[in-house]
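Written below as structure tokens is the structure these notes are about.
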Amino acid sequence: MHGNDRQMDWSETSLNDMSVTTVGAYEAKTHLPALLAKVERGETVTITRHGRPVARLVPVDVVRPVEEIIVDLRALREHVRLDGTTIRELIDEGRR
């Protein structure tokens, strides 16, 4: 096959509504714009060299304002109850 006639050798899997594409390093270099488009749609791309994963392209997390995160944490705190358990007991439990 020549140039654009070459078939892309990508494998795709889905895990919990997340699509993961695996592609070799040469194909990744050759088809970077198409791979970036997949990442922009929320997909993850794993790049391999000789069949071994060496890199991952992932969507950038959306940055939220600190104030919004604080409001969410305070709301979460309202719903979490320790029912008499002390922080010390939780720490000790985590060390076991």
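Things worth noting here:
- Computed lengthening from Asp72 to Arg49, 0.36 nm per intervening residue step minus Cα-Cα distance: 4.1 nm
- Shape of segment 35-96, Cα gyration tensor, a/c cut at 1.5: oblate
- Once the chain from Glu89 to Asp61 is taken as fully extended at 0.36 nm per residue, the excess over their C-alpha distance is 6.6 nm.
- Across the protein chains, with a 1.4 Å probe defining accessible surface, the residues Ile87, Ile69 rank Ile87, Ile69 from largest area downward.
- Estimated at the nearest 10 Å², the accessible area of Glu67 is 130 Å² with a 1.4 Å probe.
The values are calculated or read from the model by the stated rules, or taken from the named source; none is laboratory data. As the structure is a prediction and not an experimental result, all values here were calculated from the model. Accessible surface areas use protein heavy atoms only, side chains included; no ligands, DNA or RNA. Shrake-Rupley method; radii C 1.70, N 1.55, O 1.52, S 1.80 Å.
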